[in-house]
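I have placed the structure first, in the form of structure tokens, so that the comments after it can refer back to it.
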Amino acid sequence: MLNTPFPFKRLSGTVSESDSLRVVVFAIADYLFALPVGAVLKVIACPPISSTVESGIGMVDLGAQTITIVDLRQKVQPQQRHQVLSGVDTSGRFLLLTQTRTGEICGIPVDKPPALIDIPLEAVRPVPWSYRQVAELNFVSHMAVLSVAPNEEPLKVLLLGMNQILADKLGLPGTTPTLAPGLTSCEQRQRFLRFSLGDQGSGLLPFHSVVDMIHIASQEISPAPALPSWILGFYNWQGQMLRLVDLEHLLGYAPLFKRQSRPEKPIVLVVELQNQVVGFLVAHVYDVEWQDLQQAQSAPTDFSPNKLLNFVRGILPGDRWILDTKAIAQTLQWQTH
């Protein structure tokens with residue numbers, strides 16, 4: 001079903017919130033799956049998987065907690081069903097953490113970082129019953145068919161855990177879900193992408209603003225002369241020239257490519273800020289996590305580099321700096337005029 005290399009572009013702005021589904025999309029083998037954004041707790045590097053059974057159900061240890069693993073790759077690739085999950089190389093893979101209706105945490109191993117997109121309701125349709133039987137996809141009732149570009153085959157995204165959401169929005173039969181702990185709606189509780197910032201701290205960007213994550217090498221960057229040193233140049237992303245910003249250098253830290261421990265292929269966070277899309281280069285991405293903004297404190301005025309203080313909203317426990325996206329966007333806009 002997947003004939004293109006994860007070409008996600010968030011669709012916000014094309015449809016209203018009431019006419020769309022906000023989902024986290026991820027690739028498994030040749031399929032695309034989606035979970036409602038409210039059901040995804042975190043995305044972390046996939047640790048070693050300790051044990052499994054033939055159906056693709058396994059276990060993994062996360063600190064002092066052991067959680068269930070659901071490896072969808074074994075479900076959609078019958079020839080791999082008899083492989084032992086603990087014998088599969090998990091390096092370079094990610095673990096998407098979600099919750100069941102009873103509040104139990106479980107993980108889905110994925111090969112690439114997931115993407116956040118808005119799916120128009122008009123693109124949702126039932127998965128044909130005969131196809132579900134042959135492909136053994138009985139756990140999927142609906143899918144979204146998304147147009148990518150003219151003369152290209154549409155992308156088919158299989159929707160998971162959305163029975164009640166679809167029932168509410170499309171008038172389909174559904175059941176009343178049990179509210180999972182920690183997923184109550186609260187304006188003070190927000191989801192952030194956490195990445196490396198300085199030697200010990202980490203930065204937080206709103207997860208809903210991150211459109212894509214990619215690895216690039218320095219030779220893939222087209223230089224941009226006569227611009228501030230924190231603007232590294234441009235990169236051809238999905239047919240448009242993406243401005244690349246050394247985010248830590250903008251915030252007052254040493255340039256990424258001039259460090260002794262610089263990454264060979266840094267990560268670019270493709271972020272949408274106030275109707276502009278920009279690429280932030282960072283050394284490492286840690287995970288996606290919920291944070292309670294009521295715990296945020298004001299940043300100390302004597303912090304070094306003090307330039308960082310111009311771009312933060314506050315600091316959370318664990319040396320997590322909440323970045324002020326409006327201040328960053330204003331600085332970037334000023335550089336384009």
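For the stretch 189-335, with equal point scatterers placed on the C-alpha atoms only and solvent neglected, what are the log10 I(q)/I(0) values from the Debye formula at q = 0.14, 0.16, 0.21 1/Å, to two decimals?
Scattering profile of the stretch 189-335, log10 relative to I(0): -0.64, -0.85, -1.52.
Excluding same-chain residues fewer than 8 positions from LYS258, which aspartates and glutamates have a Cα within less than 15 Å of its Cα?
ASP199, ASP246, GLU248
With only Lys, Arg, Asp and Glu charged, each at its Cβ (+1 for the first two, -1 for the last two), find how big the charge dipole of the stretch 189-335 is about the Cα centre; round to the nearest 20 debye. Write down the numbers at each step before the final one.
Values: 12 positive and 13 negative charges, 29 e Å.
With Lys and Arg at +1 and Asp and Glu at -1, about 140 debye.
Provide the FRET efficiency to the nearest 0.05 for the ARG262-ASN310 pair, computing r from the beta carbons and using R0 = 25 Å. Write down the numbers at each step before the final one.
Working: r = 25 Å, r/R0 = 0.99.
Once the sixth-power term is evaluated, E becomes 0.50.
Are any of the pairs LYS112/LYS156; LYS156/LYS265; LYS112/LYS326; LYS112/LYS265; LYS265/LYS326; LYS42/LYS112 more than 25 Å apart by Cα-Cα distance, and if so, which? Provide the component values of the computation, followed by the final result.
Details: LYS112/LYS156 17 Å; LYS156/LYS265 31 Å; LYS112/LYS326 29 Å; LYS112/LYS265 16 Å; LYS265/LYS326 28 Å; LYS42/LYS112 14 Å.
Violating the 25 Å Cα-Cα cut-off are LYS156/LYS265; LYS112/LYS326; LYS265/LYS326.
Could you work out how far apart the two model spin labels at GLN297 and LYS326 are, taking each label as a point 7 Å from the Cα in the direction of the beta carbon, and quote it in nm?
Inter-label distance under the simple model: 2.5 nm.
Quick note: the coordinates plus some simple rules give every number you see, no bench work behind them. None of the values given here were measured: they were computed from a predicted structure. Using ideal geometry, Cβ is built from the backbone for each residue, glycine included, and neighbour counts are taken over all protein chains shown.
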